[in-house]
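The values are calculated or read from the model by the stated rules, or taken from the named source; none is laboratory data. Because the structure is predicted, anything quoted here is derived from the model rather than measured. Here Cβ is always computed from backbone atoms with ideal geometry, including for glycine, and neighbour counts include all displayed protein chains. Keep in mind that these areas ignore ligands, DNA and RNA; they rest on the heavy atoms of the full protein, side chains included. Shrake-Rupley method; radii C 1.70, N 1.55, O 1.52, S 1.80 Å.
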Amino acid sequence: MKVYQIEKYAIAAENAEKAYMCWLDTNDVDFLCDMLTLEEGGVEELTITISRLTTEQINTVDIPCCNDGCLRCEGKDENVYLSYAELIKEHQAQGGSFPTVLTKDE
């Protein structure tokens, strides 16, 4: 499974096209509708950045499990940190399908 960073989202998918379609389904794309109402002769450019994470980035343990307490870090002084690989394994173990959003930066 590959991980793609699309704007603020980390998405696990088998290819960039499926990750992009997941991003479109997940993201609030109302701003795209505003472009459809351009005045005559109007031009609008939109840039969406998509990057594929490396294996090293996928296996790096640096994602906090939560922002305000959960079962993993309950009773601990600090957050528990996970990797994208661990998040993918958990999603699979719970019967989840792909593509799926793993994280969203705020």
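Miscellaneous remarks
- Every condition in (1) more than 13 Å from Met1 (Cα to Cα); (2) open to solvent by less than 40 Å² (accessible area, probe 1.4 Å); (3) touching a residue at least 12 places away in the same chain (Cβ under 8 Å) holds for Leu53 except the one numbered (1).
- Residues being modelled with pLDDT of 95 or more and either touching a strand residue (DSSP E or B) at 6+ places or on another chain (Cβ under 9 Å) or of a type outside the set (D, E, K, R) (or both) - total across the range 49-85: 13
- Residue selected from the range 2-27 under the condition in contact with a Ser or Thr (Cβ under 6 Å, 6 or more places away or on another chain) and among the aliphatic types (A, V, I, L, M), by the criterion surrounded by the fewest Cβ atoms within 10 Å (Cβ to Cβ): Ala10
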